[in-house]
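Structure first, commentary second.
The values are calculated or read from the model by the stated rules, or taken from the named source; none is laboratory data. Because the structure is predicted, anything quoted here is derived from the model rather than measured. Here the Cβ positions follow ideal geometry from the backbone for every residue, glycine too, while neighbour counts run over all protein chains shown.
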Amino acid sequence: MKVSKDCVVSLEYRLHLGDGKTVDSSAPGKPLAYIHGRGQIVPGLEGQLAGLSAGDAKQVVVVPAQGYGEHDARGLQEVPRTMFPPGAPLEPGLSISAQTADGDVIPITIRELKGDTVVVDLNHPLAGKTLHFDVTVHEVRQATAEELEHGHAHGPGGAHDH
Ligand code: ZN
């Protein structure tokens, strides 16, 4: 069958940013499984997978607006160095997890050290990047009623095994 809404798709993928250097990938022999048509993967990739079948391979280029969004200058903020644990290895380019006032954990990237303050970037680390995916579709199957109810794929590569 072909990839279409509410299919469970399992795929191997590799992501690079145009220079061929892998920044993310599925684990070897462990394809990622998701329910198609529900925004579980970046929209620019999801749209290009529609109609593919098991065994198909494709290279997909996704512009920032269809990926993790444009880089938003408002995401750059200066925070006091005292906000970080003493001895934290603060280096430009380093990504760390931070907890917001709401308790959400978000990735932030350190951009610059300025005396007593640190410039951090709250944008997604891949914001503003053009994404290059190499994907191979391993399996396409109808989602079970339980998967549709839970809103995620079960089994290998899925959210959890039951
Ligand atoms: Zn479940």
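Summary table below
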{"read-out": "H71 being touching a Gly at 6+ places or on another chain (Cβ under 7 Å) and within 16 Å of the ligand (Cβ to nearest atom)", "value": "no"}
{"read-out": "Residue ranges of strands (runs of 3 or more DSSP E) in the stretch 7-56 with at least 3 members at pLDDT below 95", "value": "none"}
{"read-out": "Of residues in the stretch 135-155 being acidic (D, E) and within 13 Å of the ligand (Cβ to nearest atom), the one nearest to L11 (Cα to Cα)", "value": "E147"}
{"read-out": "Selected residue (criterion: nearest to D121 (Cα to Cα)) from residues of the stretch 34-80 that are within 15 Å of the chain's Cα centre (by Cα) and hydroxyl-bearing (S, T, Y)", "value": "Y68"}
{"read-out": "Single residue of the stretch 130-154 satisfying the filter (within 17 Å of the chain's Cα centre (by Cα) and part of a loop (DSSP other than H, G, I, E, B)) that is surrounded by the most Cβ atoms within 10 Å (Cβ to Cβ)", "value": "A153"}
{"read-out": "Residue match in the stretch 45-60 (condition: over 15 Å from L11 (Cα atoms), surrounded by 11 or more Cβ atoms within 10 Å (Cβ to Cβ) and of a type in the set (A, V, I, L, M, F, W, C))", "value": "no"}
{"read-out": "Pairs where the first residue, in the stretch 135-148, is at positive phi and the second is at pLDDT below 95 and away from the ligand (no atom under 16 Å from the Cβ), C-beta under 8 Å, 6+ apart", "value": "none"}
{"read-out": "For G158: the one exception among (1) within 16 Å of the ligand (Cβ to nearest atom); (2) at pLDDT 95 or above; (3) of a type outside the set (D, E)", "value": "(2)"}
{"read-out": "Residue match in the stretch 110-124 (condition: within 16 Å of the ligand (Cβ to nearest atom) and more than 18 Å from G37 (Cα to Cα))", "value": "no"}
{"read-out": "Hits in the stretch 91-129 - residues which are modelled with pLDDT under 95, in a loop (DSSP other than H, G, I, E, B), of a type outside the set (A, V, I, L, M, F, W, C) and under 15 Å from R74 (Cα atoms)", "value": "N123, H124, P125"}
{"read-out": "Conditions (1) of a type outside the set (A, V, I, L, M, F, W, C); (2) in contact (Cβ under 8 Å) with a residue 60 or more places away in the chain; (3) touching a helix residue (DSSP H, G or I) at 6+ places or on another chain (Cβ under 6 Å): number failed by Q66", "value": "(2)"}
